[in-house]
Ligand code: ZN
């Protein structure tokens, strides 16, 4: 069975800003879709969804049939309906993977899943970024020629980045202007996982970069749900019957548990 991927893109800049349209004439989601299909072939089945479609392109059917979702948003995070963001977060808990790209650090699904603000420092300048691989041998870094990825021009994101300590820290970025940043982080949430990957400012051709594409393709494979995993239990049951006998005597005062 191929991994079912949905590339979600806000898809506004590409329509309103010439400089962005030049880099991504059909939209960033189409570039990312093409990259995944080129690198992963029949291991994936890739669809796309954009903000201005009904339900932002994320109907129940699409959500249910997505194993890995990519998320790129920037200028219109506030326009994402709360109920859709909540459904995306819930799908992650149920096992779907979410790859949050660049300015998605303050997107509703990411903030909801992290429980932190996602705030960081930033500066728009065409500065050099080196993403250092701090977890050599990690599947997300497979196929990279060196122990860093160098991007000639990127927007700077700097620490402190308000995120929970990642379960796996895979890349740390250095910027020409002097800042550093945790730019490749993985967390588990419920039965699913989230990968935040920093680069991807809309006016630079970052998603055309072969190594950036490789990392994203690796992440799709690495984060894809485990077949046959125990389903996520979305409840908090009171288990009155124990599996084996409990010797101690105890009287339960049910009024303690009343809400
Ligand atoms: Zn940006």
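None of the figures in this text is laboratory data; all of them are computed from the coordinates on show. Computed from a predicted model, the values in this text were never measured in an experiment. For neighbour counting, all protein chains shown are included, and Cβ atoms are generated from backbone atoms with ideal geometry for every residue, glycine included.
Starting from 0 in steps of 10 Å, tell me what percent of the Cα-Cα pairs of the chain lands in each bin.
P(r) for the chain, in whole percents per bin: 7, 29, 35, 16, 6, 5, 2, 0.
Could you state the angle between the C-alpha long axis of helix 210-223 and the longest principal axis of the C-alpha atoms of the chain, as a value from 0 to 90 degrees rounded to the nearest 10?
That helix lies at roughly 10 degrees to the long axis.
Need one number: convex hull volume per residue for the stretch 126-259, Cα atoms only, in Å³.
Given the Cα convex hull of the stretch 126-259, per-residue volume reads 199 Å³.
Quick one: grab the alpha carbon gyration tensor of the stretch 80-184, order the square roots of its eigenvalues as a ≥ b ≥ c, and give me rounded if a/c is under 1.5, else prolate or oblate depending on whether a/b is larger than b/c.
It comes out oblate by the Cα gyration axes.
Checking the a/c ratio against 1.5 first, then a/b against b/c, what shape does the Cα gyration tensor give for the stretch 156-229?
oblate
From Cα coordinates alone, what are the radius of gyration and Dmax values for the stretch 52-141 in angstrom?
Values for the stretch 52-141 (Cα only, Rg and Dmax): 15.0, 42 Å.
Residues in the stretch 178-208 near a label at residue 160, defined as backbone nitrogen under 16 Å from the 7 Å Cα→Cβ point?
In the stretch 178-208, the label zone of residue 160 (backbone N under 16 Å from the point 7 Å along Cα→Cβ) covers 180-182.
Kindly rank 245-258, 64-77, 127-140, 89-102 from highest to lowest mean number of other beta carbons found within 10 Å of each residue.
Top to bottom by mean Cβ count within 10 Å: 89-102, 64-77, 127-140, 245-258.
Classify the stretch 1-114: rounded, prolate or oblate, from the alpha-carbon gyration tensor (a ≥ b ≥ c, eigenvalue square roots; a/c under 1.5 rounded; otherwise prolate if a/b is larger than b/c)?
In terms of gyration-tensor shape, oblate.
Please compute the Kirkwood hydrodynamic radius of the stretch 1-63 from all pairs of different C-alpha atoms, in Å with one decimal.
Across the stretch 1-63, the inverse of the average 1/r is 12.4 Å.
Based on other C-beta atoms within 10 Å, arrange 55, 82 from fewest to most.
82, 55
Fewest Cβ neighbours within 10 Å first, please rank 108, 61, 221 accordingly.
Listed from fewest to most nearby Cβ atoms, that is 61, 221, 108.
Given the alpha-carbon gyration tensor of the stretch 193-259, what are the semi-axes of its equivalent ellipsoid in whole angstrom, ordered largest first, with each equal to the square root of 5 times an eigenvalue?
Square roots of five times the eigenvalues give 51, 17, 9 Å.
Please work out the Cα center distance from the stretch 17-85 to the stretch 119-198, rounded to the nearest Å.
With the stretch 17-85 and the stretch 119-198 each reduced to a Cα centre, they are spaced 21 Å.
Picking from 224, 145, 86, which is most flexible by a Gaussian network model of the chain using Cα springs under 10 Å?
With Cα springs under 10 Å in the chain, the top fluctuation among 224, 145, 86 is at 145.
Any idea what the relative contact order of the chain is, in percent, if you count C-alpha pairs under 8 Å spaced at least 6 apart?
Relative contact order of the chain: 20 percent.
What does the helix-only formula give at 222 nm for the chain: each DSSP H stretch with n ≥ 4 adding -39500 (n - 2.57), the total divided by the residues, and the result rounded to the nearest 500 deg cm²/dmol?
-6500 deg cm²/dmol
Using 0.36 nm times the number of residues separating residue 19 and residue 230, minus their current alpha carbon distance, what extension gain do you get?
71.3 nm
Can you figure out the FRET efficiency of residue 142 with residue 254, using R₀ = 41 Å and their beta-carbon distance, to the nearest 0.05?
Efficiency at R0 = 41 Å is approximately 0.15.
Taking the DSSP beta bridges in the chain as the whole, what percent of them are antiparallel, to the nearest 5?
Antiparallel bridges: around 55 percent, rounded to the nearest 5.
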